Each structure stands twice: as C-alpha cells, then as structure tokens.
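Novice: Sharing a structure below in structure tokens format, with a few things to ask.
The values are calculated or read from the model by the stated rules, or taken from the named source; none is laboratory data. Keep in mind that this is a model prediction, so the values were computed, not measured. No Cβ is skipped: glycine too gets one built from the backbone with ideal geometry, and neighbour counts run over all protein chains shown.
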Amino acid sequence: MKKKFIYTILMAAGLVAGCQKDLLTPESKNAVSTLDLAQFSTTARIDGQVLGLYAGLRSGDFYGGRYLIYNELRADNFLAQSSNSVTAYQTYNYTVGNGAQEVTDFWSSAYNTINRCNLFIEGMAAKGTSVIGDAISKNYVGEAKFIRAVCYYSLLQLYARPYYDGNGAKPGLPLRLTGNSVAGNYDLARSTVAQVYTQVLKDLDEAETGVPLTYATALASTTRAHRNSVIAFKTRVYLTMQRWTDVVTEANKIVSTAAPFTATTGVANALQADYTKVFASPYTTTESIFSMPFVAGTEQGGGQSALSSYYYGVKLYSLNPTGIIGDAGWKATDKRRTYITYTGAIPYLSKFPTGSPTYADYVPVIRYAEVLLNLAEALARSTTSVNTRALALLNAVRGRSDASTVFTAADFATPGDFYNAILKEKNIEFLGEGLRSPELLRLGLTIPGKGTVSAVPSTSIQYIFPISATELIYNKLMTDNL
Amino acid sequence: MRRQLLAIMLLVCAIGTQLYAQAQTVTGVVTDKADGSPLPGVSVMVPGSKTGTQTGPTGRYSIVIPAGGPKTLKFTYIGYITQTVAVTRATLDVTLENDAKTLSEVVVTGYGTQRKKDMVGSVATVTAEDLVNKPVQSFDQALGGKAAGVQITIPNGVLNNPPVIRVRGINSISLSSYPLIVVDGIATYTGDVSGSSAAGNALASINPNDIESVDILKDAAAAAIYGSRAANGVLIITTKKGKKGKPVVSYDAWVGQTKIMNMPELLDAFQYTELKNTALKNAGTYNAATMSFNLVNDANGNPINTNWYDVVYRKGTAHSNSVSLAGGSETTNYYFSGGYTGQKGIIRKNDYNRANALLKIDHKEGNIFNMGGKIQFSNEQNLAATSSGSLSGEAFGTGGLGRLAIVTAPNVAVRNNDGTYNVQTASTIGRMGNKGSDVGFYNPGTVLDLDRSNNELNHLQSNVYLQANILPWLNAKTTYGVDYLLSDNDSFNNPINGGSAASLGSASESYTKNKRWVWTNTIQADRTFMAKHSVSLLLGNEQQRSVGRGFGAGRTTLSDLAFNDFTAGYTAAPSNSASFGENYLVSFFSRLSYDFDKKYFVTGNIRQDEYSAFGAGNKKGIFYGVGLGWEVAKEAFWEKAGLDKVFSSFKFRGSYGTVGNINGLGNLASYSFYSTGLYAGASTLVPSQTGNDQIAWEESRKFDAGFNLGIMNDKFTAEFAYYKNDLKGLIYNVPQIPSVGLPSTPQANIASMYNKGVELTLNAQAVATKNFSWTPSFNISYNKNVVTALSEGLTQFITTTSSLESASISRVGGPLGMIYVVKTEGVDPATGRRIFIKSDGRKVMYQHVVPAGQFRWSYENGTDATGISLAADGSAYKNTQPKFYGGFDNSFRYKKFDLNATITYQLGFYIYYGTYAGLRDQRFWNNSTDMLQAWTAPNQVTNIPKVYFGDNVSNGSSFPISDNVFKGDFVKLRSIDFGYSLPGSFLTKLKMASARVYVSGNNLLFVTKYPGSDPEVSSNGNSTSSSGVDRNSVGNGRTFTAGISAKF
C-alpha cells in the first residue's frame, strides 16, 4: 500500500514536472517584433511608422527643444541664470567638450531619426508599398526624405563649418543613407559639407514631388510635411549656402509677387495678422508651415528640453538687455515685445509660456515669415540693391507687429544696411526660435559676447560644436572639428 | 554469558560498598565549556531507557539510574555537542561544548549537504555568529571580510542599499556580477527592488538572526549544480531550524546610534562670501549691486552662517528586537521567530523598518515520509524624503542630498527671517543677500521637510516539501516554493521648491509585483560498498517561473496646496505607466560523488538549463564541473614519515568546469522591436530595441586548485586556493557608432575576460583554556581582472557616472573600470593656472577668463593651444579594483567577558574622488576649505589654481582630471564587540538560561590616505565597469550599539 502511494507520487511528480515548453518562447505583449518585417504588415503600422519619423524629429534633444535652445544660447540674446551643465550651460559658456551632453545627445538623436527614415524608405520598397499602395507610399517616402533632409541640415548647423567657409569643402557629416537594424561594422568617414548639402537638396527635391499638396486638417498641415513645407525649407537651405537665386526661385513657388504675400498653391500659407496667434493654442495657423506638436497630458514636452523650461517656466536663461531686445529700432509698441516679461528687473522670453508639467507649446520649425525674409534677403543680395519687392516683404513682417514703422529705400544708405535690416528683423521676429546661431554662422559673423562670456570670431574653434566623443571613439574613420 | 557474569561480578566488586545491583542516584551540574555558565534544561537520559530528567535553572540535575541498566548518562542540549558519560561517582559534573564548530563541519551544497571534509569544491561558510545582532539591514552587509574570495563593499550611507558583492572578482561586463542567492533552496530576488529614492535591498527581508549559515560556492565543482546561473558564485542561505529537545526561547535586542564621519570641511559663510567675491573680481565681473556675494543677518541680527550638514544629516538611531522559539520532538521540530527593527539613518528622514516572521516545521511521518516547509513573511518600509544622490545613477541629480549639502551657499538659510522657505524660483534656493547668481539648487530644507519618496516591500518566501525515504539509501523529494515580492512606492514633491514646484506639486504611486515559483524534484542515493567505496548520486529536475507586473500613476499640480497625498485633487491630467516581464528556466541536473576510504574523492556535477530569454536556437545549455580530492594525511606514508604528528589532515583538491551567467539579461533580448507612441494624437510605431537572435548565456570556465590542512587536531587550519575564471562569450552591449542610429545598443556574446587569483584562509584556536581563549581568523585574497577581448575592432569602452561624467574606461589588456581622466600637473606658480597634459605630452595651461581675443588654453610659452578634451587627451589612469582584500577576525574570551574585533581591508586600488571636483568648482558652489590655499601671487606653490568665477574646468568639473584621483587602500576596524555573559546565580533569579550583554562599534577606525569620507564607496552601485567612483555620495556612518541576547 505504502509503496503504491510512493510510486504514485513519484510518477505524478515526474509527469507534471519536467518542462512546460510553451513558457520557453514568450512573446512580447506590447511591442512588434521585426520578424518578417511585421512592422510593415498592416496599413496602421505603416501609418504609425510615418508619424514615428516625425516623433524622432520631435525628441527632446532635437526639435523638441534642445536643438533650438543650443542655437539660441550660444548666441547673444540670452543670459544664464543657472550654471547647470545639464541645461546647456556649457553651450552658453562655450566650454562644451566632445563628451558634453549637448554634443553627444543631439548628434545621436538626429542620426537616430535619420536611421528611422532610412529603414522606412527601404522597408516600404521591400514590403510596405505592396501593403499600402503606390500613391500613399509615394507620399510617405517623400515625408521620410523631407525629415532626413531636416536632420542632416540641422546637424550641419552645429557640427560643421558653415558652407561659405571654402564653399562646402570643409568636413561635413558621415552621410548615411541605408537603414541599420543589427550590430555591425559601420565605420564611415565624413563627407564634405557640400556633399551633405547636395544630399539634403536631393532629398528635398524628391520630397517636393512626393509629399501631398495639402492635408485634410490644419493640425496635419502644421505637423506633417506638405509640398509648401518642403519648398519653405529649401529656401532656408539655399540661404544657408548663400545661393541667393535658388532661394528666389524656390520662394517664388510659394510667395505671391505682391502683398499680401501668400502661398498660391497647396496649403494657403500666409502671415497671420496677429503675431501672437501663432504662439497660442491651437498653434495651427497657416503661418506655421511646420511645427512640432505637444499635447498636455499625453505628449508633453521634456522638463529639461522644452523651450519654456529654459526661457520662462524654470527661468534658466533670461533675455540679454544688450542683445536684440536692447535695440532702439525695435519699438516698445511692437507687438512682438509683448513676449518680454519681467520678473523683478530681469526680462524673460514668454513666447513659449506653458510650463511644467505639460510644456505643451508647439515648437516652430519653420514659419511663413521666415520664407518672406529669406526671399527678401536673397532678392536684395542677388541684385545687390534695396530691392523693391524685398522692401515690401520686410515691411510685411515688420508692419503686422508694428504698423508705425514703414521702411523706405531711403532708410538704407547702402545695400549692406538693407541686408542688416533684414537680419535684424529676423533676429526680432524669431527670437527664441533657434535661428540666431545659424544666421550668424552662415555669413561668418562674429558671435557677439554676452555677460561674462566673450565674443567668438568665425576663426575660433568654438564657432561650432566639437564632434561627439562616442562617434570619435567608435567610428574609426571619424575626425574631430579642429 | 559466563563472561557477562564475570564482568558484572567485577563491576560490583569495583563499586565496592554498594554491592547490590540496585538503583543509584547521581547528581551534578551541567555547565557551558566555553564560559562555565550553568546550562538549564539539558536533557539527561539513561541511554536505552525511558529514564530521564532535565537540569534545573542552575544547571543542577539529579537522576536515579535503575538497577541493571547501563551505568552511563547521555546529556543532550540544543546547540551543544551531545555527551555520553560513564557514571563513576555519585556526583557527576559535566561540561558541554557548543556545537558551532560541528556546524561549520557541514557544508550546504546545492540540493543537499556534505561533510566539509568530503568536499572537493571551494566553499566558504559564514555562520550565524558572524551575522546576528549587527547594526545592518541585511545579512549581506555583514559578510565583509568574513570569507576569502568574497569582496563586500557597502557603497554609501543610505539605509538598506545592496552591498557590492563580488565572488572572485567581477565576472561579467554587461550583465550582473552579483552572485546567485538561494534561500532555503529557492533562488530569490536580488538587488535594489525599491522604486523610490530609498534603497530597498531584496535580501533584507530575511532577519539576519534567522540565518543558520551562508555557504558561498566559488568553484565549478561546487557551483556547477546551478548551471547557467553560477558564474558569479552562489550564496546559499540556510535559515535556522528547531532541534530535538526542550523548547528554547531566544530574545535578542539592540539599540544603536549612527553618526556621519569624515565629512569634507566646507567654507563657512564668511569664507564663502570672500572667496566668491575674489573669484568675481579676478574674472572682472564683480559689481556690488548686480553681481556679488554678501552676508545678511538672520532674525537675531547675526550673519547667516548655515552648516548644511546640520540640515541634511542627523544622528541616526536604531533598534532591533527578535524573538524565537525553537524545539522539537523525536519526529517533529519547529522554529518560529518574529522580529522588528526600526532604524533611522544618518540622512534626515531616511528610515528603515522591518517586521518579519518565520515559521519552519520539519516532520518525520513513520519510517518513510518526511515533510515540512516554511512560511516567511516580512514587511519592510524604506523611507526617504528625496534622493540621496548616492544610489546608482543619482550622482548628478539636482536634488541629491549628498550634493546639496556641499553645494549650497552657507550664507543663505533654509528659511527667510519671516519664517517662510527661502526660495528664488521653483527649483532654486533663495539668494538672500547675494546678487546676480544662484547660490544653490533645491532648498535642501524644503525638500527634506516636505517631500517624500517611500517604498514598502512585502516579501513572502515559502516552501513545502515531501520526502519519501524509499530505501535506507534512496530518497525522493519534491519541493515547491514561492517567492512573492511586492513593491509599493509613494512619492510626493512639494509645491514650494524642488522637482515639481514649478508645476505646484506632484505625487506618484507605483506598484510592482514579482511572483516566482520554483518546483524542484530530486532523487538521491547514498551507498557505501565494501566499506570503503562511498557513492552518492543526485538526479533532479527544476522549473523556475518568474512573472513581474507593474503599474504606476503620477498626478501633478495640487488643487489645494495643503495636501500632499496621491489621493488629493490635482488639476493636470494624470500620467501612468505599466510594465510586464516573464521568464522561465527549466533544468535537469545530476551530481555523482565517490570517495575511496575518505582518501580519494571525485565529484561531478552536470546541469542542463533551458532559458526563455535566449534566441530560438540557443535556449539550451549544458554546464558541468568536476572535482578531485586527495586526503594525503590518510596515506600510510604520511604516518610513516611522522607527518601525522603535525598534520591532522592535509587534503589537495582541484576542479574544473563550465558554468554560465544570465543574471541581468532582458527577458526578450533576442528580439528586435518596434514600439508604439504618439504624435499629434495618433499612434506611432518606432524602432525600440535592437535584438540579437543569437544571444546566449555567458560562459565561465572555472579552474581551481588548492589544499586544506589541519595541524594539531585541527587547532590550526589553513585553506589555500588558486583559481582562474576564464570568461568567454560575455554579453557585451556592443557600442554602435552613434551615427548608425540604432534604437538600442545590441547585445552579443562577444567579449572575454579572466579573473585569476589566490585565496588564503587561516584559522587558529590560539589559546583555549578554561578562563581565556583567543581565536584569530585571517583571510586574504588576491585577484587580477583582465579584459581580453571586446567586440571586434573595439579596444576600449567608457562608462559614465549618472549619464554625465565619463570617468571610467575599460581597455582590452587591462582591468574593467579604470579611471579615465586628463592628466594634470599641479598649478603653474607663475600664473596660478592649472597645468594639463595634452595627449602629445605638452603642458597646456588654462585660464577661465581671458582678455578679449585670447584663448583660454595656452602652452607654457604663452602661445595659444587647442583646448583639452577628454576624448583627445584622456587616459586610462588607475585601476579601481582592489588587488588584495580580506579580513582579520579576533575573538577573545576571558571568563565571562568576550571581545571580537573584525578588521577588513582592500588594498591596491584607486578612487576617482569626483566630489572633490565639485568641492573646488568655481561656480556659486560652496567649496572645500582647501580653496583657501588658492593661488594669489606669483611664485606661490599650491595645488589650487587662481579662482575665477564660473571656472568649472580647472578643478575637474568639466571633465575628470588626475588631480582628483587618490589611492583608496584602507584597513578598517569594521566592528568591535565587547560582551559579558551574566553569571549563573544572576540568571537563576531571572529564570534565564543564558544572557549576554554587549556593546559594539562599527566603522570605528580606519587607516587610509583617501581624503573623501569613506574609501568604501561606489557611486555606481554594483556596476561592473564603473567602480571606484565617488561622486556626491553620502559616506557610511559610524555606529555604536548596545544589546542583549538571552535564552530562556
């Protein structure tokens, strides 16, 4: 009896024990495995991937805030109220080394987005197009190329000498155009600045024909690339390269010949009558050609990356009284001055006021006002004159915020004075929007000093960022900026 | 028959007067051999009869030996060696010897026990007496210096932080190098399982007083039975169980006090104000009205001069109470204990409370069945106000208290004169009289007063078993165990100042439940053939299933600032998070041991593991270990040579085998994934994990050779071992070029490394007399760690501290985690500039503020130099892993007094004292008083450069410099205990069996040249490749305790 009992127990144990095979092959409950390109297996997944490319652009280290922040803080319009290295003090102070967070993380973030674009473009060819159809596929691939171009252009602004310096002959970036999904040996040398710009323009040209003319909603027309966004961005690229006539050609596609200047095809991009409407909810006016969306509760900005946290919410950086806000020509009644808010005696930029925890202000990537001023500058410089249409464009931007100021040709003794007026207008119009450093660099201008920080001439090593330390270590063919 | 008769006759004659074979009364006193104290409750039996009694409160007994029975008495007492004594007189006093020594002779191996003398594997045993009544939260904190080959570092002074445990060096690069911990047969959770700023060591759920022994399996012969998880060694924890005999009630209690020690000396308000103004003037930016530092008066009219140490730290107090009841009958024994400890750490509001209970029962049913099990439950509270800045990843946290205490300006106070908190913005302390600059980060007083970051752990560890002893030499056993670890976190950030003040407060709660079951089935056969051939065979199957689920939510912007709970009203949309993880390990294993005449020993272990996290083709692995032993002292020639007169034993042993490591591997590491997110309200799908379908376990090939010897009947013992762990296929997060743009760093079994070293343990019973004894124990370990390969083409990798500072580098050909710095060479006496050494060897000097047009960097001759950077000019400077470590333990007893002193040491390593960079940083930060030696005039020889306000380069904040690297060697008087056992007369009055009162001190003394608080430090916790970094960590405290141990 006892023996039977024992054997029964042993057998039961032996049977139930052993092994439960199914437990050995768990599957994820929340992520899509890439086996058989499953991420391209449904239209919903493909739709999600396209938006994921934009989400890459929107990351905190990139257009989610920090890319703009770096380009503002390294210039002259802001003064540090904090010396925290985590919140870009080293960029402000020109002490960034190769290992600085700004240098390594923006680099990684932009290339991460580039790789998403590359993987997407390849995956669409391999599988996605057959799932979603040719027409939509063409749109989506166009969007991917636009985003890739924005990434490379943005990297160039901080990690490479400006195009004017040797006409793009200086070291540019490793140009990566194929998708990487597994570990491997990917050493790659830097292409020249010119070669990278060539790729940026190629992508933008292809995007121009690929992306849709317009979207169904204002939200989509602001947060996704349409034809006018591609063209608008091209004006910025050509301007950076000082290819004035190309700027004019591109801008003319989306700027009418006479005031009121508006886009005549695609999304009806135009200046808003009220400057402040652009920076207020819902942030989707036709002036915002392309912006990064943030949503309270679900898609909040980052505490140490959002524009508001630097300029206003946490008040890490105040406006420099001797920067552009000290300019006498920028009248007190100018509507754009309503964004200068004082805390005690210290002025802060309140253009992006939505602070912790939501940081839900949209981040502008490109606005129609910039296209107008890009066109104005290109018209003036390409004709070396106080070009009439250029003057009208300048007045359009100034006039909507300050009707009392109307520039006339007589105000400018030389074409150079006129160029400077346009540059100053940009400085006022886009204060805090991340254009300041690229605007100085593309022309080789000295970055003015501020507070205790000295000016940085175009010959200085500090004129641009050093290369990411991790890139230098792991990419055997990479070289630093010297 | 005739002979028996004759014998009886003779005996009767011998006894003399008592000629008749009649009952005899014997009386006597039973005392403890160690201290002579009487032992009450000792069972006194006439063997083979039912006649028996027990000693009374004074240890006295009286027994009547029946006529015709054997003239012997058997004395049995729990925890003591049983003695059978011949009755030669009517008064028979007996001394019993504590059986701690016999306990140490048994070693718990995986799935069984073995006599230590039969072991061929390398196993170190730490017994209960080294673990009980220490002022620690978890037993592992008390293991330091107790076992050769086991390096324990308590990385900071935060309560209940898991110590760094390394068994024979660091045995992994990317996965964990933490050993497998098996508690009563069940592999348990390890590491910091708190989700809050308070540390929560999973192992603290076990009351150290409930532990019988900790056996550390170090080589393949011992550890291979744990297969794919044994590469880092295995710690087997065995809890106490009851023994046959009268129930014994034990009560242990202690109270203690902990203080901070060796804090860096900081500038006071006067010195601070002067130094910072000097720095401003040197920089040319001083302006009394807009940019200056100034003293202001407090409400009493005295200048504010805050010592922030007083705000952040406190005198910690702690107490612990444990009670246990143990006993048993012929068939059933039981152990039941309960304990409560409440400990307040040196950081304000950092508390640890634990309530625990353990019930353990073993029962023998008939001749065949054994059954039993245990229920162990603990509730722990790990409490903190906010981040200490000391746990892994926290070093640069803005609110880290370790950092706030040294950074914040001394000329401002927690509160304004009107009593309100002194704040500038939501996240900075108020500037008070200072102009134009921040003077701190968070107001430490506000966050300490109002914030909360608490964790609560409920931990259930239970098992039941049934064993069938089918034949005398064959048994089958099934054990089912569960380990449920539930972790609750509750945090609050105040609306006034700190992490969430900008959004007017936030609260969060999260909950993680980790559930594991382990089912083990074994069959064991033990037979001895022809007297000399002993064979033992174990066959087993085990399954381990772990599932973790978590949920958390956050709420922001208080509706009413009076509240601070998660349940209060909040205006912003709540956030939430969730997590899920599962894994499964199924194994078959076997052990075969054979010895011939206790002279020649062979043991082989083999285990096949299948693990769910590996790629489809790599789930299965086979691990093995083989050991050989030779007891030379049993050889005839040994005796012939007369060596047996000296050596009571002399055993050579050696082993080789292959084991693995999976600890720390992601549950789904083999897959590449895309994950969802949101963009403008719609779903996104983005690459999230770069997987590797070839991923498999790490492999450790362990070789071990050594000998154990005993001299003069084991009065003196020595153990020596040489080992080499050859680590192959180490999983490495193969760093990809950032511009490749992969979503995560892919893992591959690509790196290799080795540890080799020697261990020596010496134990002696130096003096053992009735009144005085001295037992010294010494161990030393030498370890050499060398990385032999990383991924292809990669010769080095850098590890950051808290994601910010790249102070650690590991290179092929060198040890893991060397300090990575730019070399410096003092300060130029002519100009007061810090001298840096460029990679080409040229000296470059730095001046933070230079006239317009000049560069900050220049060569000695004054020409402009390109800037120094870590990437270009950094070098692998010094090693951080100790070459030598160990302990020296001395126990003395004089009559009823006892004294134990434990010394631990770690030698031959360096520490990057990153905190020192902060202590000399020329931003607003408060500084070390060393800054008073700053250069001021030409020809001044000093190591502190001229101060320029804003300078974060010269002293190592911007990138690490060699000037902040120091030798870490230390010898620590880790603990000293002084006790007194109460005399029998006194005990009788109190109706106690024994009682000892004691006082002890921890961290009392140490010898080191390290200038930081404590060279026993790790800002990166258990990290394998960034040890030896001290960045804003709170050092260990110094503890005094007093306590009592009593038995009833």
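Novice: Determine if the stretch A:169-176 includes at least one residue that is more than 14 Å from every other protein chain (Cβ to nearest Cβ), closer than 22 Å to A:N374 by Cα and not acidic (D, E).
Specialist: Scanning the stretch A:169-176 turns up no residue that is more than 14 Å from every other protein chain (Cβ to nearest Cβ), closer than 22 Å to A:N374 by Cα and not acidic (D, E).
Novice: Among the residues of the stretch B:1006-1025, count how many are at pLDDT 90 or above and in a strand (DSSP E or B).
Specialist: The total comes to 2.
Novice: Let me ask something additional. Taking B:I225, is it of a type outside the set (D, E, K, R) and surrounded by fewer than 24 Cβ atoms within 10 Å (Cβ to Cβ)?
Specialist: Answer is no for this residue.
Novice: Then there is this: Tell me, please, whether a residue that is part of a strand (DSSP E or B) and over 30 Å from B:P574 (Cα atoms) can be found in the stretch B:499-515.
Specialist: no
Novice: Inspect all residues belonging to the stretch B:370-386 and state whether any of them is farther than 21 Å from B:V136 by Cα, touching a residue at least 24 places away in the same chain (Cβ under 8 Å), touching a Ser or Thr at 6+ places or on another chain (Cβ under 6 Å) and polar (S, T, N, Q).
Specialist: yes
Novice: Another question about this same structure. Would you tally the residues in the stretch A:448-472 being facing another protein chain (nearest Cβ under 7 Å) and buried (at least 22 other Cβ atoms within 10 Å of the Cβ)?
Specialist: So the count comes out to 5.
Novice: Output the number of the condition that A:I46 fails; it satisfies all remaining conditions of (1) at pLDDT 95 or above; (2) facing another protein chain (nearest Cβ under 9 Å); (3) under 21 Å from the mean Cα position of the chain (by Cα).
Specialist: Every listed condition holds for A:I46 apart from (3).
Novice: Return the only residue of B:V734, B:V740 being within 28 Å of A:G179 (Cα to Cα), within 14 Å of chain A (Cβ to nearest Cβ), modelled with pLDDT of 95 or more and more than 27 Å from the chain's Cα centre (by Cα).
Specialist: When all the criteria are applied, what remains is B:V740.
Novice: A further question on this structure: Quick test of your reading of the structure: B:F772 fulfils all but one of (1) at pLDDT 90 or above; (2) buried (at least 19 other Cβ atoms within 10 Å of the Cβ). Name the failing condition by number.
Specialist: So the condition that B:F772 fails would be (2).
Novice: Restricting the search to the stretch B:176-208, which residues are over 15 Å from the mean Cα position of the chain (by Cα) and of a type in the set (G, A, S)?
Specialist: Within the stretch B:176-208, B:G185, B:A187, B:S194, B:G195, B:S196, B:S197, B:A198 qualify.
Novice: Are any residues in the stretch B:789-805 of a type in the set (G, A, S) and either touching a helix residue (DSSP H, G or I) at 6+ places or on another chain (Cβ under 6 Å) or free of Cβ contacts under 8 Å to residues at least 60 places away in the same chain (or both), and if so, which ones?
Specialist: B:A789, B:S791, B:G793
Novice: Right, another one. Touching a helix residue (DSSP H, G or I) at 6+ places or on another chain (Cβ under 7 Å), part of a strand (DSSP E or B) and not assigned by TED's automatic domain parsing to the domain that holds B:D898, is that true of B:K702?
Specialist: Yes, satisfied.
Novice: Name the residue, out of A:L445, A:L441, A:L431, that is part of a loop (DSSP other than H, G, I, E, B) and either closer than 23 Å to A:T95 by Cβ or within 14 Å of another protein chain (Cβ to nearest Cβ) (or both).
Specialist: A:L445
Novice: Right, next: Quick check on this structure: which one of A:S181, A:S229, A:S221 is over 26 Å from A:R74 (Cα atoms) and more than 13 Å from every other protein chain (Cβ to nearest Cβ)?
Specialist: A:S229 is the lone residue from the list that is over 26 Å from A:R74 (Cα atoms) and more than 13 Å from every other protein chain (Cβ to nearest Cβ).
Novice: Also, I was wondering about something else. How many of the residues making up the stretch A:92-140 are of a type in the set (G, A, S), within 13 Å of chain B (Cβ to nearest Cβ) and over 19 Å from A:L57 (Cα atoms)?
Specialist: Number of matching residues: 5.
Novice: For the stretch B:857-873, how many residues meet the condition of being more than 9 Å from every other protein chain (Cβ to nearest Cβ) and either over 19 Å from A:Y463 (Cβ atoms) or not in a loop (DSSP other than H, G, I, E, B) (or both)?
Specialist: Total meeting the criteria: 9.
Novice: Same structure again: Taking the stretch B:265-293 as the region of interest, how many residues are assigned to a loop (DSSP other than H, G, I, E, B) and within 23 Å of A:V453 (Cα to Cα)?
Specialist: Total meeting the criteria: 7.
Novice: List the strands (runs of 3 or more DSSP E) inside the stretch B:892-1002, counting only whole elements, that have at least 2 residues being within 24 Å of the chain's Cα centre (by Cα), under 30 Å from B:V412 (Cα atoms) and within 14 Å of another protein chain (Cβ to nearest Cβ).
Specialist: By residue number, no strands (runs of 3 or more DSSP E) qualify.
Novice: Does A:Y283 fit the bill of being surrounded by fewer than 24 Cβ atoms within 10 Å (Cβ to Cβ), outside any loop (DSSP other than H, G, I, E, B) and not basic (K, R)?
Specialist: In short, no.
The rows are residues; the columns are (1) farther than 28 Å from A:L394 by Cβ; (2) exposed (fewer than 15 other Cβ atoms within 10 Å of the Cβ); (3) of a type in the set (G, A, S); (4) without any contact (Cβ under 8 Å) to a residue 60 or more places away in the chain.
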position	(1), (2), (3), (4)
A:M241	no, no, no, no
A:K253	no, no, no, yes
A:V267	no, no, no, yes
A:Y310	yes, no, no, no
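Novice: Suppose we filter B:Y820, B:Y846 for residues that are within 12 Å of another protein chain (Cβ to nearest Cβ), of a type in the set (S, T, Y), over 25 Å from A:N475 (Cα atoms) and buried (at least 17 other Cβ atoms within 10 Å of the Cβ); which single one remains?
Specialist: B:Y846
Novice: Considering only residues that are under 20 Å from B:V120 (Cβ atoms) and assigned to a loop (DSSP other than H, G, I, E, B), which ones fall in the stretch B:194-253?
Specialist: B:K218, B:D219, B:A230, B:A231, B:G233
Novice: Tally up the residues in the stretch B:668-684 that are within 7 Å of chain A (Cβ to nearest Cβ) and not in a strand (DSSP E or B), please.
Specialist: Number of matching residues: 5.
Novice: Which number in (1) away from chain B (no Cβ under 14 Å); (2) within 30 Å of B:T425 (Cα to Cα); (3) among the hydrophobic types (A, V, I, L, M, F, W, C) marks the one condition that A:V363 misses?
Specialist: (1)
Novice: Checking B:I173 against (1) within 15 Å of the chain's Cα centre (by Cα); (2) β-branched (V, I, T); (3) farther than 25 Å from B:R348 by Cβ: exactly one of these is not met. Which one?
Specialist: For B:I173, the exception is condition (1).
Novice: I would also like to ask the following. Output yes when any residue across the stretch B:471-485 is free of Cβ contacts under 8 Å to residues at least 40 places away in the same chain and assigned to a loop (DSSP other than H, G, I, E, B), and no when none is.
Specialist: yes
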